[in-house]
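Working notes, structure below.
We did not get these values from a lab; they are worked out from the coordinates using the rules stated. Computed from a predicted structure; not experimentally measured.
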Amino acid sequence: MGVEQLVALVERIGLPAVIIGAAFWFIRYQSELSKKEREEMWAKDTTNDDRLMKLVETSTTIMQEMRSSIDRNTETMKELMQEFRYMEKRS
């Protein structure tokens, strides 16, 4: 829109109407930008949630394996202690 067209528009419908129209356009433009930004953030958030869930699943699996190893270690230590006690009694 050229300057001459803008001046003609202001003369025809008045300055307040032009300002209201510009404000409406600006608000609509900002709303569209915000909507696009929210959609991008939701997509990013979903991707990050998926990565976090994989990390939690992996951590849980590793912790279960560690617990199992510690339990086996504990049982072995108990058996060794019993064996030492038995050997001590025999001596």
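Here are the numbers for this structure:
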| item | result |
| --- | --- |
| Rounded tilt (10° steps) of 3-13 against the dominant C-alpha axis of the chain | 80 degrees |
| Acute angle (nearest 10 degrees) that the helix 15-90 long axis makes with the longest principal axis of the chain, alpha-carbon atoms | 0 degrees |
| Gain in span if fully extended, residue 80 to residue 15, counting 0.36 nm per residue against the direct Cα distance | 13.9 nm |
| Calculated SAXS-style log₁₀ I(q)/I(0) at q = 0.21 Å⁻¹ - the chain, Debye, Cα scatterers | -1.02 |
| The chain: calculated mean residue ellipticity at 222 nm from DSSP helix runs of at least 4, using -39500 (n - 2.57) | -35500 deg cm²/dmol |
